[in-house]
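Structure record follows, encoded as C-alpha cells.
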C-alpha cells in the first residue's frame with residue numbers, strides 16, 4: 001500500500017472533526033482509486049496487436065484484447081497496473097498455440113479512470129469469460145490473483161488451471177493498515193464499511209482468500225518472491241497451503257513486480273499451463289525444459305480439451 005502524504009492525512013483528520021460521513025467518503029476515494037500507470041513501448045505495441053473489444057461488467061467499462069486461437073488463457077493484472085504489462089507471460093503461450101485474452105480492470109488503463117476494487121476485478125473477469133467462452137487457464141498477478149480466487153469460489157468462474165503470482169491472502173487487512181496510518185476513528189470507519197459494502201455488494205469479513213482457496217479443487221501454481229515488500233511471501237504461501245494440491249514456487253530477489261517478467265518464472269508458468277496438453281510420444285510432463293521447447297515450436301501438435 002502506498003504511503004499517504006502528510007497533507008492528505010491532515011485533510012482527513014480535519015474533515016473527520018467536521019463530519020465523519022464526509023470523512024468516510026474521502027476515505028473511500030483514497031482507498032479505492034488506483035494509481036495511474038504507463039506501459040513501455042513493447043507493451044503498447046503488443047496491446048495494439050490484439051483484437052479489441054469493449055464490454056461492461058456491473059455497468060463499468062472493461063477494455064479487452066484478444067490474441068491467437070486455441071484453448072483460452074486469461075491474464076489478469078494487479079492493482080494500479082494494466083494488461084500490457086503481462087506481455088512476457090502472454091508471448092510463450094501464444095507461440096505454443098493458445099489463445100490469450102487480457103483486459104484492463106475497471107479504473108485501469110484503457111478501461112478509464114475512477115474507483116476500482118477486488119469485487120469489480122472479479123466481476124470483470126467473469127464478464128470476460130462469459131463473453132469470450134470458457135477459460136482453459138487463468139494467470140493472475142497480485143490483486144488480480146485474489147480476484148481470481150474470489151471469482152472461482154463465489155462467482156462461478158471455472159478454469160482447468162490457475163497460476164497466481166504474488167497474490168494477497170487477506171486484502172481486508174489493507175484497510176486496517178490504511179486507517180491506522182491515516183488515523184481515522186471508529187465512527188468514520190463504520191460509515192466507510194457500510195457505504196462500501198452496500199455499493200460493492202460484499203462483506204469485508206468475507207474477503208479471506210485462504211478460506212476461499214480451501215474450496216477449490218483445480219490444479220494451482222502459486223509463485224511468490226521471498227523478498228516481496230508489497231505482498232509478503234507468507235501470504236502466497238498461505239494460499240498455496242490452503243488450496244488442495246496447489247504447488248508453491250518461491251523465488252528470491254525479484255520483488256513484487258519482477259515475478260511477472262522474470263524469464264525463469266515465465267517458463268515455470270508456461271510449463272504449468274501446458275501441463276495437460278501433451279500427446280502420446282511428446283516429452284513427458286516431468287521433463288520441463290524438453291517439453292516446453294517441444295510445445296513452443298510444435299504448436300500443431302496441440303489439441304483442445
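A protection proxy built from the mean count of other Cβ atoms within 10 Å ranks the segments 174-185, 238-249, most packed first, as 238-249, 174-185.
Extension gain, residue 173 to residue 261, is 29.0 nm, computed as 0.36 nm per intervening residue step minus the present C-alpha separation. Seen against the Cα atoms of the chain and their longest principal axis, helix 172-182 is set at about 40 degrees. Shown here are the Rg and Dmax of the Cα trace of segment 195-268, at 14.5, 43 Å.
Between the Cα long axis of helix 20-32 and the first principal axis of the chain there is an angle of about 20°, rounded to the nearest 10.
You can think of it this way: the chain between residue 218 and residue 10 has 70.2 nm of extra reach, that is 0.36 nm per residue less the Cα-Cα gap. A convex hull fitted to the Cα coordinates of segment 1-156 yields 115 cubic angstrom per residue. Taking other Cβ atoms within 10 Å as a rough exposure proxy, 11, 86 sort from fewest to most as 11, 86. Between residue 28 and residue 53, the modelled labels are 3.3 nm apart [label points 7 Å from Cα along Cα→Cβ].
Treating the angle as unsigned and between 0 and 90°, give the value, to the nearest 10°, between the Cα long axis of helix 186-200 and the longest Cα principal axis of the chain. Once rounded, one gets 40 degrees.
Between 61, 29, 131, the Gaussian network model of the chain with springs among Cα atoms under 10 angstrom shows the greatest mean-square fluctuation at 131. Contour minus end-to-end for residue 210 and residue 230, with contour as 0.36 nm per residue of separation and end-to-end as the Cα-Cα distance? So the chain would gain 5.4 nm between residue 210 and residue 230. Using only alpha carbons, the chain has a radius of gyration to Kirkwood radius ratio (Rg to Rh) of 0.99. Here segment 76-174 was treated as a single set of alpha-carbon atoms; its pair distances binned every 5 Å from 0 give 2, 14, 25, 28, 20, 8, 2, 0 percent.
Across 102, 140, 127, mean-square fluctuation computed from a Gaussian network of the chain (C-alpha pairs under 10 Å connected) peaks at 127.
Values in this text are rule-based calculations from the coordinates and carry no lab data. Everything numeric in this text was worked out from a predicted model, so none of it was measured. All Cβ positions, even for glycine, are placed from backbone atoms using ideal geometry, and neighbour counts span all protein chains on display.
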